[in-house]
Structures are given as structure tokens and as C-alpha cells.
1. Filter the stretch A:147-184 down to residues that are in contact with a Pro (Cβ under 6 Å, 6 or more places away or on another chain) and either more than 14 Å from chain B (Cβ to nearest Cβ) or in a helix (DSSP H, G or I) (or both), then give me how many there are.
2. So which residues in the stretch B:223-234 are in a strand (DSSP E or B) and within 17 Å of A:Gln230 (Cα to Cα), if there are any at all?
3. Would you call A:Thr10 β-branched (Val, Ile, Thr), under 24 Å from B:Phe233 (Cβ atoms) and in a loop (DSSP other than H, G, I, E, B)?
4. If a residue must be facing another protein chain (nearest Cβ under 9 Å) and not in a loop (DSSP other than H, G, I, E, B), how many such residues does the stretch A:185-199 contain?
5. For the stretch A:26-75, give me each residue that is among the basic types (Lys, Arg) and near DNA strand D (Cβ under 7 Å from one of its atoms).
6. Pull up the stretch A:86-123, narrow it to residues that are more than 14 Å from A:Asp137 (Cα to Cα) and of a type in the set (Lys, Arg), then point me to the one that is modelled with the highest pLDDT.
7. Check whether at least one residue in the stretch B:47-58 is in a strand (DSSP E or B), out of contact with any Gly (no Cβ under 9 Å at 6 or more places or on another chain) and more than 30 Å from B:Arg5 (Cα to Cα), and report yes or no.
8. Suppose the filter is more than 21 Å from A:Phe233 (Cα to Cα) and away from DNA strand C (no atom under 12 Å from the Cβ); does B:Glu49 pass it?
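The values are calculated or read from the model by the stated rules, or taken from the named source; none is laboratory data. In this text, all values refer to a predicted model and were calculated from it rather than measured experimentally. Every residue, glycine among them, receives a Cβ derived from its backbone with ideal geometry; neighbour counts consider all protein chains shown.
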Protein chains: 2
Amino acid sequence: MPLYRRLRETIAGKITKGEYKPGEALPAEVEIARLYNVAPGTARKAIEELVNEGLLERRHGAGTFVRRPNFNNSMLRFFLFRGTKGKTLTPESRIVSRSVESASEAVAGHLNLPPGEKVIHLNRLRLWEGAPRLLEDIYLPFTLFHPIIDLDESVIGPLLYPAYEIHCGQLVSFVKEEISVTDATADDAAILGLGAHEMVVNIDRLAMNPSRIPIEWRRSHGEARRFHYQVDFS
Amino acid sequence: MPLYRRLRETIAGKITKGEYKPGEALPAEVEIARLYNVAPGTARKAIEELVNEGLLERRHGAGTFVRRPNFNNSMLRFFLFRGTKGKTLTPESRIVSRSVESASEAVAGHLNLPPGEKVIHLNRLRLWEGAPRLLEDIYLPFTLFHPIIDLDESVIGPLLYPAYEIHCGQLVSFVKEEISVTDATADDAAILGLGAHEMVVNIDRLAMNPSRIPIEWRRSHGEARRFHYQVDFS
DNA sequence: GAGTGGTCTAGACCACGAG
DNA sequence: TCGTGGTCTAGACCACTCA
């Protein structure tokens, strides 16, 4: 494996371990080169890859900073939940249930855990302007996230990823999502206030830390009619 | 604008104009550097950006090649149209109608044309294993695509983008897509064989040439139940 | 074996930001 | 003004492909 890639992994590892924290500046490029005994161009290439991956952020003249990806309102990427004044709002969040379970085969598979390993299961309802819009089932490896179990909901707040970072030292840097459309169940329809024959969009998300180790799996679903998404590619 | 970026645009322009054709090798990096009077590292950086954009493809030891993006079966990215044996199939295509029209405001806006400019409008039906699965309305600037109007459908074949390339010299390199879910119209339901209260997924696609000039706009729609999509990001 | 891209190095100079 | 990242240059050596 080339030098610049090993250096990239080393730096990603330091971010995972919290040695470089989100918002903080890394040492200057020339300093990194000196620290790791590589040429400046090599350090630069390692940093460049991390920038392309979204882990770091360069600010010309200021430095290179650890980025904190903004997945918080990320369901806004998928659904049209505009405020009445067109403003972007952070949704209200209600944790309906919290429990520790043995991972099902599916969940263990997604999180790359041994079968039967303990996981935290959260069931959560999210509301925009008071209206229930999204249902979520969230699974977390117990060993990494056990502080979540006993935290007061008001301490957790409406967004989980900052809570993961503050209370469990876990940073989400990558996500993989799968989207499908199915009939709403009777329960879904009741909670989301849907009429008969309505459909829901399901978003299955696997969230990973800076070293690309899976740390959360969740399924969210909301009214299909409100779904809207944009892709660019080549 | 930095040198390597101007060089990138120059090369992208040559691909647009057909001076470098899909599948063909570019001159070697050192040769490009010599041709354009830049340092090898600068040529390399220009090429690197084009590779990241998907316009070029490097093969170690062999050369750098113009890539032909594969948007042909691209609706397979969105819908579960597996063959009965799980094989990937090219769908059958039927052009239902072909006409020359004045661009509506919406179409002119998408294609960045003056209002009222002439466009070709194709209405197309796509079938997988004989079953109608996708309806498409396709809009093309008449000036660039006029040969399409008179071509026999058997000459065009089941895939449009190769036809654009062969008969109109137009290469599609980038696409932008927007996805939403709506009720099926009665017509849609009849053609796609949907039951009552079914929904469709709409995919609005803007296709661009290597210089990112819009050259096609289309709206496709198919049964929501069959929709399935995967995203990675950070 | 000849030619290609891939890695790594070294250093000069510029443009930007923050104090 | 100083330190940062951004650009551009130059060249050595390696790894791979292909005839």
C-alpha cells in the first residue's frame, strides 16, 4: 500500500480515536510531512483524499480542519418538510421506546456483529411543526453506545449524532442508504395520519465512523407523496 | 483560473468536439505536458480531475482513455427489473410518437434554450421481458438532434445514447436526476398495468455533454413498488 | 523491452486569512 | 506581517501492459 494511503489511514484513525476532533485544525501540511517523515507532496496527497472523502476541510490561508458531516437534518434531503415560511427546521423528536436486545440476524449482518450480540434498539417518532412525519427504528452496538440507554431524553436532544459524539465518543462520517417504496402498514398510517391505500418510502441507513466501521443501522419511513430527491453523477 | 483547470477545460472541449473519442487513448501524460507547454505534474492534475469526474479512465501501463459512461441501462439503478433468471437485460423500446414542437417554458428552462425554440419530443415506452414498465417523455434541442427525427426505429435501437453519439455526434457524460412519487394517472395505470390507487416514481433527468452543456431533458415514470435505490455519501 | 501511468521527492512562488 | 494552503515546476524510480 502506497505511503500516502497509509498516512491517510493513520490520520483517519486519529480522527476516529478523537486525537483530532471535529472543528479542530490539523497541523500544517509541512508539519505533517515532518511528523511522519514524508515529502510535503505526499502529505498533501493523503490530505487531499481525506478532503475528497469529506473527512477534512481545507480553508485557504487558515488551515485544514476536521469536518463534522451534517447528517442531522439529513432526512430533509429526502422529504419535502418545508416550514410554513419555507424555513428549514430541526424536527422535534420523541423516543417511543428504548431497549437492549439480542441482534437479529439482519441487524447483526448490517452492523458486522457476531449473531446474538447485544444491541440498543430505539424507536423514534419525528415531527415537523407538530405533525408526525417519520418513524425510525435505530440499532446500535451496545458496547459502544451503552451510555445512551440511561440518558434523559432532554439531554439527548432532537438529534442523535451529536449525542453519539458527546456521550459515546462516536463520530459518524459516512452513510450508505437504500430507498424503497412499500404500502403503509395500518400502524404507520395511523401514526403518520395517512389515508387508505397510501404508500411509504423506506430509507435504510448504515452509518459508519471515519475508519468506515459500521456503528449504527436504522430504518426510517415516511409518506411517499412527500418524497423528493436529487442525484448528480457521471 | 489555474493552469491545470484551463487544461482540463481544453481537454473536455476536445472530447465534446469529438477530437478525442470514447474508447480512444489520449496522448501520454508527458506528451500532453509537452503539447500544452506545462509541467508533467500540472498535466497530471488536469487529467486527475477529469478522471474523478468520470470523463477519463486510467489504465496503469496502458494509457488514459476517454470513458463512455454507461447510462444506457441506468433505469436499472432505480427499479427492480430483474430478469426471471436474475440476469441484467436491456429493455425493449418502443417509440410511441416523435414530433417537433416549440419548447414549453419548462423544457426551455431545463435545456437552457430561448423560449419557443424548436425541440424534438419523443414519447417512448420501455418493456422488460415483454411487460411495459417505464414511460418516457424526452426533449432534445432540434438543432443538435435533427437527424433523430427521420431515423428508422430499428436503426435507433433500444438505447438512445449510442444513437445520439453515432447519428448526432453528441456524447452524454453527466446527468442530474430528481426523484419524486405521485399518483399514477389513469393512462399510466392502463399502460403499466397498475391496479387502483397505485403510485408511480418520477425521474426527471437532465443529461449534459462533457462540457456540461444540457442536451437532453426527460421525464420517466414507473411503478413505485418496484423502485429501489442506493446512495453513499459523507 | 519499450512505453505507460503510479509514487515519491524537493523546492519556488503566489493568494488568502487572521491577528 | 506571518503562516497557511494553492499552484507550478522538475525529475527519479517503480509497476504495470502489451507486443
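1. Qualifying residue count, the stretch A:147-184: 2.
2. B:Phe227, B:His228, B:Tyr229, B:Gln230, B:Val231, B:Asp232, B:Phe233, listed by residue number.
3. no
4. Adding up the residues that qualify gives 1.
5. Within the stretch A:26-75, A:Arg44, A:Arg58, A:Arg59 qualify.
6. A:Lys118
7. No, that holds for no residue.
8. no
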